[in-house]
Each structure stands twice: as structure tokens, then as C-alpha cells.
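Encoded as C-alpha cells, the structure appears first; notes follow it.
The values are calculated or read from the model by the stated rules, or taken from the named source; none is laboratory data. Keep in mind that this is a model prediction, so the values were computed, not measured. All Cβ positions, glycine included, derive from the backbone under ideal geometry; neighbour counts span all protein chains shown.
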Amino acid sequence: MLPAVKVEHLWKEYVVGQSHDRHATFYDTLSNALKAPFRKRDETLADPTKFWALNDVSFDVEPGEVVGIIGRNGAGKSTLLKVLSRITAPTKGRVEVRGRLASLLEVGTGFHGELSGRENIFLNGAILGMSRKDIAKKFDEIVAFAEVEKFIDTPVKRYSSGMYVRLAFAVAAHLDCDVLIVDEVLSVGDSAFQEKCMAKMGDLSQGGRTVLFVSHNHAAMGKLCQRGVVLQFGRRMYDGSISEAMHFYNRSTRTSSIGLSATLSGDLQRAVTFQQLTINEAAIAPEHPISPAAPVVFKLRAVSSIPLDEFRVTFCITRHGDTLLGLHDALTPNTQPLGFFESTVVVPAFTLPPGDYGVDLNAYSNRNGQWMLAKGVAQFSIALEWHEGYEPSHAMGAFNLATPGTRVQLGGQIA
């Protein structure tokens with residue numbers, strides 16, 4: 001069976017600080033000409049910044065499946081639904097929706113304010129390709145569900161936001177559509193109506209309708225959806241059962257704000273966000289000291305809103321405020337991280353003597369000439385442990401490097 005919704009490598013770019021809502025007027029043209037001689041000194045402030053609201057998103061939705069789109073504010077959820085609803089076009093990528101699609105993304109989506117509720121019902125049905133006869137069969141059911149009988153012949157511009165939502169959802173849910181897309185807009189309605197909407201969407205899915213649903217009400221989402229797609233900084237981070245998706249989301253929000261006590265400096269702060277740092281798979285500060293016989297693995301998740309040429313992240317290991325060594329990540333020069341990216345470095349076993357250590361992060365773009373330093377991001381400790389062939393000593397120096405021919409006996413084996 002072919003999927004009801006197919007999303008392939010979807011990208012959507014926006015420009016911050018630049019509006020395309022209207023054409024330039026004569027006043028705008030004259031004003032820009034007069035300001036031109038003075039613009040150069042302020043061009044860095046006026047220069048718009050591009051960012052990717054969607055970053056290479058791909059997934060399929062099967063017919064009759066109810067999928068919850070999960071993510072923090074700004075993760076790209078609403079942008080994704082607008083692209084699926086053909087309200088906005090993608091920058092790159094491809095979307096296929098098989099069958100009639102109805103969407104409820106904002107209060108009064110698809111309504112004409114000057115028309116009455118009755119006229120808007122027939123207008124929306126016509127947009128979905130339904131005949132007037134078919135719409136008339138559903139009319140009484142729609143009005144009863146929306147609870148707007150007294151105002152059905154009143155122009156909808158006089159409706160309250162709650163009345164708007166009730167009628168808009170009733171139209172989208174009762175007219176013959178194959179795919180229903182619903183954003184957080186249902187939160188406008190009262191709790192009783194929200195429950196009725198959830199029950200209706202459950203009935204639709206059992207009847208073979210496909211539903212894509214965005215909500216911060218995870219309890220309702222857990223009841224309604226079988227599957228969850230987690231978005232983070234415009235990227236699809238997880239796709240699986242709704243319970244596992246919510247667990248992934250809750251875990252990522254607890255560990256995503258690294259370095260809250262860190263000191264940030266540098267001009268890359270606007271473009272790069274250090275999102276999550278783990279040390280041997282533990283967030284921020286491992287609960288127990290790390291054995292000197294184990295390597296220390298640093299993994300950084302970050303996001304960039306602009307392309308950065310010849311970009312590199314350095315993990316600086318500190319002790320008592322002094323930097324002992326700097327470790328570059330695996331990113332090669334000319335890499336251009338845009339959106340989500342990862343960096344990993346490993347300190348070999350027996351390199352760091354026992355004691356307490358700190359971590360600073362330094363991001364640098366050689367081509368752009370921009371940098372960012374985050375001091376005091378994390379802490380960890382190396383345990384005081386004795387192993388055969390390894391005796392901790394202050395005479396070992398700040399850190400240790402094994403030389404050719406060094407033999408360390410562990411567990412009866414020669415390493």
C-alpha cells in the first residue's frame with residue numbers, strides 16, 4: 001500500500017530580518033537611495049541571517065495512521081505542517097499527499113471573514129472538491145458538533161476565537177478528507193470541546209483517515225497517536241512509537257541546555273548553539289569518577305544556523321583553571337555544518353592522572369574569522385585506582401602519553 005503522506009529530504013529556508021510581505025513603494029525606493037551612502041558602516045547590523053527551519057526531513061505516513069509531531073517551540077513543527085498543507089513551498093525536497101487534505105493550522109484557516117458560518121462550510125467543502133449535495137448531507141452534523149446553531153448565519157469575523165475553532169475543526173473533521181492536519185490551535189477551545197475533538201480524531205483514524213497532530217498536551221497525544229516524530233532544530237531526531245518518542249523528547253529537553261553556568265564569549269553565539277555534551281554517555285558531569293583504565297569519550301551535539309567554512313570544535317581539558325590540552329573533533333576542514341551536527345573526541349586510557357577536571361569548548365570558523373568560547377561547560381573526575389603495571393604518582397606530570405614499547409598488564413593480558 002502506498003503511503004498517504006511521503007516526505008523526502010525536505011528543507012525550508014527563512015531569512016531573519018527581511019520581509020517579503022509587500023512590494024517596495026516609491027517612499028521605500030527614495031529612502032533607500034538617500035540612506036545608501038551611510039549604509040556600509042551599518043551593513044553588518046542590517047544584513048539578514050538565513051536559517052533552516054527544516055533540515056533534510058524525511059518520513060512516510062501510512063493510511064489510517066495517527067502521527068504526533070513533537071518538539072520544542074521553534075523546532076519546525078508548524079513549518080512542516082504548512083509545507084504539507086501547501087501553504088508555503090519547500091526550499092528543497094519533495095512532498096506527496098495522496099487524497100484530499102484538510103488542515104487546521106491557525107484560527108479560521110480557510111475561512112472568509114465576510115461570509116457567514118453557513119457560507120464558509122460550503123466554501124470549504126468546495127475547496128475539498130465536494131459537491132453541494134454532499135456538503136448539505138453533512139451540514140447539520142457539522143453545525144451540531146460546532147455548537148454554533150444560533151450564529152450560523154452571522155459573518156465569522158464576529159465570532160470569538162473559540163467559535164472560530166469549533167466551526168473550523170467541525171468542517172475539517174466532517175467533510176470527506178483523506179488526510180487531516182491539526183496544529184496546536186485546538187488549545188484555544190475549552191477542555192470539554194478538546195475532549196470531543198480528540199474523540200473525533202480517534203474515530204477518524206479508525207475509519208481509515210490519516211491524521212498528523214501537533215500538540216504540547218502529551219497526555220492527549222499519548223491516547224490519540226500510535227507513532228511520534230520528534231523534531232529538533234528542524235531535523236527529524238526520532239521516529240517510532242509514541243511512548244518512545246515522548247521519552248526521547250523528555251530526555252533530550254532535560255539534557256539539551258548544557259553549560260547553563262558556562263561563560264560564553266565570541267561572535268558565533270548568534271549562529272552556533274551547544275546543545276548537549278555527554279562524557280562517557282553521561283550528561284554534563286558523570287555521577288562517579290571515571291576509571292583511569294577507561295577512555296574518556298566526549299560527544300557534543302550542536303546546531304548552526306548558518307554555513308561555516310573550515311569549521312572546527314576544540315575540547316579543552318582544564319585543571320585548576322589551567323588548560324592542559326586541546327583536542328580537535330573529527331570534522332575536517334571545509335566541513336559546513338548547517339543545522340544539527342555532532343563532534344566526538346576520545347582521551348585514551350591512562351592519559352589523565354587522578355583528579356578533578358573541567359571542560360571548555362572552543363568553536364572556530366577559519367574562513368569566516370568567527371569564534372565562540374564556552375568556559376566551564378562540564379566537570380569530571382579520574383578515580384584514584386591502582387592497576388598492575390600502573391601506579392598513580394604526582395611525578396607523572398599533567399598528563400601521560402604511552403610511548404612505543406610500553407606494556408600494561410590488565411586482567412592477565414598484555415596490552
Cβ pairs under 7 Å, 6+ apart, first in segment 161-180 and in the same structural domain as Ala146 (by TED's automatic domain parsing) and surrounded by 22 or more Cβ atoms within 10 Å (Cβ to Cβ), second assigned to a loop (DSSP other than H, G, I, E, B) and β-branched (Val, Ile, Thr): Tyr164/Val107; Val165/Val107; Arg166/Val148; Leu167/Val148; Ala168/Thr109
Whichever residue in segment 220-276 is under 27 Å from Asp360 (Cα atoms) and basic (Lys, Arg) and, among such residues, is modelled with the highest pLDDT: Arg235
Looking only at segment 102-146, and only at residues there that are crowded, with 16+ Cβ neighbours inside 10 Å and on the phi > 0 side of the Ramachandran plot, the one that is modelled with the highest pLDDT: Gly110
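Rundown of residues vs (1) in a loop (DSSP other than H, G, I, E, B); (2) of a type in the set (Phe, Trp, Tyr); (3) at pLDDT 80 or above; (4) in contact with a helix residue (DSSP H, G or I) (Cβ under 9 Å, 6 or more places away or on another chain), yes/no style:
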{"position": "Lys299", "(1), (2), (3), (4)": "no, no, yes, no"}
{"position": "Phe315", "(1), (2), (3), (4)": "no, yes, yes, no"}
{"position": "Thr323", "(1), (2), (3), (4)": "no, no, yes, no"}
{"position": "Gly326", "(1), (2), (3), (4)": "no, no, yes, no"}
{"position": "Pro337", "(1), (2), (3), (4)": "yes, no, no, no"}
Residue list for segment 126-147, filter: under 25 Å from Val214 (Cα atoms), outside any helix (DSSP H, G or I) and over 34 Å from the mean Cα position of the chain (by Cα): Glu147
Within segment 121-152, considering residues that are in contact with a Leu (Cβ under 7 Å, 6 or more places away or on another chain) and not β-branched (Val, Ile, Thr), the one farthest from Arg166 (Cα to Cα): Met130
